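Structure first, commentary second.
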Amino acid sequence: MKNVIGLSGLATSGKDLFFDMLSEEIKCKGFSLASALKQTLRNSILEDHNIDVFNCSPEEKKIIRPILVEYGTQKRRESEGQCWIETLSQTIDQSNLDKDTTIIITDVRYNIYKNDEASWVRNKLGGILVYIKKYKLTENGIALYTTPPNDEERRNDPLVRNAADYTVNWQHINGRSREETKAKLRPHIINFLNWREDNAGRRRKTSQQLQRGRMRKKLRKTSRKTL
């Protein structure tokens, strides 16, 4: 069984930052469901908009996001959500990672179809799905959470959020360097890793109980046949 963590949350919620900070604490490698989509459209977007999808500013992302969403949604609809999952599965299988390396899927966004991205991470890969939400504090101390940038995320985000095993609720940090921001938010990473370790212990205990139950059932059947 692969060691897998899927990261979900609205655009700009901090999924890449969470992965960056997580990689400083554990041995892991990141994979993106959107990488193949971006590679497919890279040349056409570069030609039409002079923007590199793999190296663009937040403002440029706002320009090209509708293009990526429209094409990605079309391919998902045609394949019932499997197009980008199958592509990434092949990439992971060919990466030859050792068993101690945790696989991080950095952009889990959908949970519509039967075996969609959230289900793929949790059920097929046996992984953990983390949902990240970010807020800004007003001068009056009111938390204003990140909102969906488009209708596609507005529809799909609640479905993924409801499937999550763990939720990170962190604050947007203003006026700090990246290292200062990471230091401020690091407790969220430590809390998650502690939870993950406890959860892994419960899973091992449950698995052992199931194995013992199956053995007892098998022994009872054997005893009946002998009698």
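No value in this document is a laboratory result; all are computed from the given coordinates. Bear in mind that the values here come from a model prediction, so they are computed numbers and not experimental data. We place every Cβ from the backbone using ideal geometry, glycine too, and count neighbours over all the protein chains shown.
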- Query: Once all Cα-Cα distances of the stretch 1-71 are split into 5 Å bins that start at 0, what whole-number percent is in each one?
  - Reply: 3, 13, 23, 22, 17, 12, 7, 3, 0
- Message: I'd like the Karplus ³J(HN,Hα) series for the stretch 130-142: coefficients 6.51, -1.76, 1.60, θ = phi - 60°, whole numbers in Hz, and an x wherever there's a Gly or Pro.
- Response: 9, 10, 10, 10, 10, 9, 10, 8, 7, 4, 8, x, 8
- Message: Highest mean first, how do 158-170, 99-111 rank when packing is the count of other Cβ atoms within 10 Å averaged over residues?
- Response: 99-111, 158-170
- Lys and Arg at +1, Asp and Glu at -1: add these up for the other residues within a Cβ distance under 9 Å of D52 and post the number. 0
- May I ask which of K134/K184; K62/K182; K15/K62; K99/K124 have a Cα-Cα span longer than 21 Å here? K62/K182
- Output the antiparallel fraction of DSSP beta bridges having both residues in the chain, as a percent to the nearest 5. 15
- Query: Over all distinct alpha-carbon pairs, what is the Kirkwood Rh of the stretch 4-175 in angstrom?
  - Reply: 17.0
- Query: Exactly which trypsin sites (Lys or Arg not before Pro) in the stretch 1-57 are in a DSSP loop and have at most 13 other Cβ atoms within 10 Å?
  - Reply: K27
- Message: Over all directions, how big on average is the projection of the convex hull of the alpha-carbon atoms in the stretch 135-197, in square nanometres?
- Response: 5.9
- In percent, what relative contact order does the chain have, based on Cα pairs under 8 Å that are 6 or more apart in sequence? 29
